[in-house]
Amino acid sequence: MNRRLAAPVGITGTGECFPPRVVTNADLSKIMETNDEWIRTRTGIRERRWVEPGTGASQLGAPALQMALDNRGLKASELDLILVTTVTPDTLFPATSCRIQAMVGASNAFGFDLNAACSGFLYALTTAASMVAGGAIRRAAVVGVDIMSTIINLEDRATSVLFGDGAGAVIVERVEEGLGILDFEHKVDGSGGKFLYMPAGGSLKPATAETVAAKEHYIHQAGSEVFKNAVREMADNSKLLIDRNGFKGEDLKLFVPHQANIRIMDAAARRLDLDPSRMMVNIDRFANTTTATIPTALHQALGEKRMQKGDLVALAAFGAGFTWGATLLRWAY
Ligand code: UT7
């Protein structure tokens with residue numbers, strides 16, 4: 001059964017922010033036992049952006065949101081909600097959304113953070129869009145931001161080469177009938193949590209000198225377990241949405257998958273029988289920025305004129321939790 005919103009709601013503006021520092025595969029090969037060839041062929045990544053130490057999520061999130069507001073021609077005071085999705089908040093509390101609210105001057109907005117790891121943007125888009133569709137609020141911003149360089153262990157080469165820092169933001173509003181979000185499917189399987197997580201720093205295992213010494217404040221990932229599940233669920237979920245809405249892969253103008261590994265993305269595209277030119281790829285330049293991959297890819301796709309009003313677009317993600325999801329929309333402007 002389709003999951004329909006109560007009214008047509010879609011994305012009406014986008015923005016992004018990346019830190020200026022480019023870290024290439026060659027740069028990484030100087031600080032760990034790795035090489036450009038391995039990283040490129042196993043993941044599709046050539047380079048990523050990393051912040052200078054001392055940069056928090058709000059410092060990328062606020063400029064991304066400001067860009068989205070400017071592109072839509074809105075003042076920050078016209079926002080009702082700022083929904084930030086991140087696994088690397090500035091602080092555990094208060095929420096990063098509160099800091100971003102103050103930075104952009106969104107004087108009439110409330111806000112909160114949502115954590116669904118790499119699926120966070122899709123979950124937040126659905127949450128914000130549902131509130132707009134129901135009429136509770138008029139206008140929301142969703143900001144996906146992660147500063148992954150602060151939680152990678154440079155001694156773990158299989159994981160640390162994968163991630164980058166970045167922020168993407170979108171404005172969510174009512175749109176014309178027939179446009180905007182058509183359907184979505186989101187899932188969680190908590191039994192997969194042990195394959196991708198940060199062991200310490202939460203209530204279960206608060207930070208101590210021992211947890212720091214044991215490097216438990218970094219990402220721990222069982223790469224091949226995550227890989228297998230990501231390939232299956234991202235492909236299955238996207239196909240499900242296309243099928244149950246009576247479309248074929250060829251009807252998609254653009255497929256925008258979470259940018260975790262080009263091999264996972266290619267597998268999903270194959271399952272959709274999609275011409276590779278219809279898949280948005282920016283993993284080569286920005287790596288996996290967790291919740292920021294989809295909104296930044298959307299922003300760049302617009303910049304490259306790869307979609308326009310009325311085009312059918314599918315978004316898909318998989319991440320820690322396990323969480324996964326897909327969203328089908330007709331681009332609204
Ligand atoms: O966004 C959140 C979701 N995360 C993901 O979707 C990530 C999913 N997982 C992956 O993308 C892949 O599993 C990885 C890219 C992490 C690893 O690729 P793999 O094809 O599963 O490689 P592997 O872990 O099986 O390692 C193969 C070999 C090993 O060497 P041996 O044991 O065969 O001699 C590793 O030690 O590659 C070695 N290796 C590396 N070599 C050079 C692992 N990392 C590196 C490295 N540079 N950075």
Added length on full extension, which subtracts the Cα-Cα distance from 0.36 nm per residue, residue 153 to residue 240: 27.7 nm
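Quote the convex hull volume per residue of the range 140-252, based on C-alpha atoms, as a whole number of Å³.
So the per-residue Cα hull volume is 163 Å³.
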Where the range 176-333 is the region considered: accessible area per residue in Å², 1.4 Å probe: 42 Å²
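What order do 176, 16, 33 take when sorted by accessible area (1.4 Å probe), most exposed first? Could you put the intermediate results ahead of the total?
Working: 176 105, 16 40, 33 140 Å².
Ranked from most to least accessible, the order is 33, 176, 16.
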Tensor-based shape of the range 250-291 (alpha-carbon gyration tensor, a/c under 1.5 rounded, otherwise prolate or oblate): prolate
Residue-level accessible surface for residue 98, protein heavy atoms, 1.4 Å, Å²: 60 Å²
Residue 38-residue 22 pseudo-label distance in nm [points 7 Å out on the Cα-to-Cβ vector]: 2.4 nm
Förster-model FRET efficiency, 22 Å R0, residue 270 and residue 304, C-beta, rounded to 0.05: 0.45
Alpha carbon convex hull of the chain, volume per residue in cubic angstrom: 126 Å³
Shape of the range 37-77, Cα gyration tensor, a/c cut at 1.5: oblate
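Cα convex hull of the range 38-136: mean projected area in nm², to one decimal?
The directionally averaged projection comes out at 8.1 nm².
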Cross-link pairs 194/248; 194/305; 239/305; 75/239 - those with Cα-Cα distance over 30 Å: 194/248; 194/305; 75/239
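Can you work out the FRET efficiency for the pair residue 4 and residue 31, with r the C-beta to C-beta distance and R0 = 45 Å, to the nearest 0.05?
Working: r = 50 Å, r/R0 = 1.10.
Efficiency, from the Cβ-Cβ distance: 0.35.
Leaving out ligands, DNA and RNA, what percent of the accessible area of the range 1-140 is carbon and sulfur, probe 1.4 Å?
Working: 3230 of 6270 Å².
That fraction is 51 percent.
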Spherically averaged projected area of the range 256-333 from its Cα convex hull (nm²): 5.1 nm²
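Largest first, how would 333, 218 line up by accessible area (1.4 Å probe)? Walk me through the intermediate numbers first.
On the way: 333 95, 218 70 Å².
So the residues, ranked largest to smallest area, are 333, 218.
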Span-rule helices in the chain, defined as complete DSSP H runs reaching 27 Å or more along the axis (Cα) with Kyte mean at least 1.0: none
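The values are calculated or read from the model by the stated rules, or taken from the named source; none is laboratory data. Not measured: the values here are computed from a predicted model. Quick reminder, even Gly has a Cβ in these numbers, built from the backbone with ideal geometry, and neighbours come from all protein chains shown. We work out accessible area using only protein heavy atoms, side chains counted, and drop any ligands, DNA or RNA first. Shrake-Rupley method; radii C 1.70, N 1.55, O 1.52, S 1.80 Å.
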